[in-house]
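Notes for the one structure printed next.
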Amino acid sequence: MSYRDLIVGIIFLSQTIVGIVENFSLLYHYLFLYHTECRVRSTHLILRHLTIANSLVILSKGVPHTMASFGLKHFFNEFGCKLLFCVQRVGRGMSIGSICLLTVFQTIMISPMNSCWKEFKVKAPKYIGFSISLCWIQFMFVNLVFPLLYVFSNRSMKNFTKKGDLGYCLAVDHETITVSVYAVLIVFPEVSLCGLTIGASSSMVFYLHRHKQRVQYIHSTNVAPRSSAESRATQSILVLVSTFVSFYFLSSVFHVCVALLCNRSWWLVNTAAMISVCFPTVCPFLLMGQNSAISRLCFAWITNITFPNLIRNM
């Protein structure tokens with residue numbers, strides 16, 4: 001194992017451990033609130049599924065690249081490679097869908113009563129569960145196309161002569177018709193959801209700016225705390241969305257390069273994988289940073305798991 005592989009392996013291992021621990025800690029917090037019925041918000045359901053999607057991306061992307069960097073090469077066969085790619089796409093798609101739902105829902109809730117969203121203010125919380133279930137079904141159904149391609153490709157392997165080395169497996173380069181199907185079924189929905197997310201975020205910025213101008217003339221102490229809480233919640237979502245869009249754009253650029261180049265370089269494949277895992281790893285820190293209660297609870301949970309005897313003796 002070379003020195004560069006060791007460094008890359010350490011980076012992937014760090015991303016995987018930190019990302020899994022933080023996402024599972026955050027998921028534990030939201031499940032705890034759900035079962036205790038304590039301060040349960042409508043956005044918590046979306047955030048629970050966002051953490052699950054992030055965990056899928058980290059496990060399916062970070063773990064294989066970590067193993068490959070430490071010398072375990074090509075441990076997946078063709079079907080295993082396609083199945084792992086399916087899990088990666090489902091996790092990535094659900095992450096995009098969850099961010100989109102979160103942004104649209106928050107935009108609806110902070111919109112004024114005279115806006116076009118006024119009819120959805122009461123109905124929106126009721127359809128969150130249905131919308132999330134629909135996203136899971138859609139992305140799982142669409143991404144099952146790629147493992148199934150393995151079954152059909154075995155009948156005509158002559159059409160699949162080129163293979164790209166991803167480290168942990170050899171990915172088959174499909175024909176043009178497969179690339180077209182991939183673009184229509186996966187790329188177009190992802191780009192559409194990102195566009196909707198950016199549009200909803202722009203609406204939130206507009207509503208916040210107009211709301212700030214209005215409250216400057218209101219000096220009532222009863223209204224100020226509520227307005228401040230709404231503003232903080234919306235600003236935290238905007239930070240989350242802007243971080244997501246930045247990483248998604250960089251990840252998309254690198255993945256396009258990996259997909260188009262027949263001779264994939266070592267640094268290009270690993271850089272694309274690192275950027276893909278960046279947002280799932282950073283996302284829990286952004287969410288916990290906006291809520292000190294989550295940070296304290298997650299820290300106590302991690303500490304109790306790591307040092308249980310020390311906690312009991314204190």
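Note on Ser14 and Lys121: their simple-model spin labels are 4.8 nm apart, each label 7 Å out from Cα toward Cβ. Taking Cα centre as origin and charging only the Cβ of basic (Lys, Arg, +1) and acidic (Asp, Glu, -1) residues, the dipole magnitude of segment 1-151 rounds to 320 debye.
Rounded, prolate or oblate, given the Cα gyration tensor of segment 11-78, with a/c below 1.5 counting as rounded?
prolate
The portion of the accessible surface of segment 43-116 made up by carbon and sulfur, rounded to a whole percent, is 74 (1.4 Å probe; DNA, RNA and ligands excluded). Using the Cβ-Cβ distance between His35 and Gln235 with R0 set to 22 Å, the FRET efficiency from 1/(1 + (r/R0)^6) comes to roughly 0.15.
With a Förster radius of 45 Å applied to the C-beta separation of His44 and Ser265, the computed FRET efficiency comes to 0.60.
Protection proxy ranking for 23-30, 116-123, using the average of other Cβ atoms within 10 Å per residue and placing the highest first: 23-30, 116-123.
The values are calculated or read from the model by the stated rules, or taken from the named source; none is laboratory data. Just so it is clear, the model here is predicted, and its values are computed rather than measured. No Cβ is skipped: glycine too gets one built from the backbone with ideal geometry, and neighbour counts run over all protein chains shown. Surface areas here come from the heavy atoms of the whole protein model, side chains and all, with no ligands, DNA or RNA. Shrake-Rupley method; radii C 1.70, N 1.55, O 1.52, S 1.80 Å.
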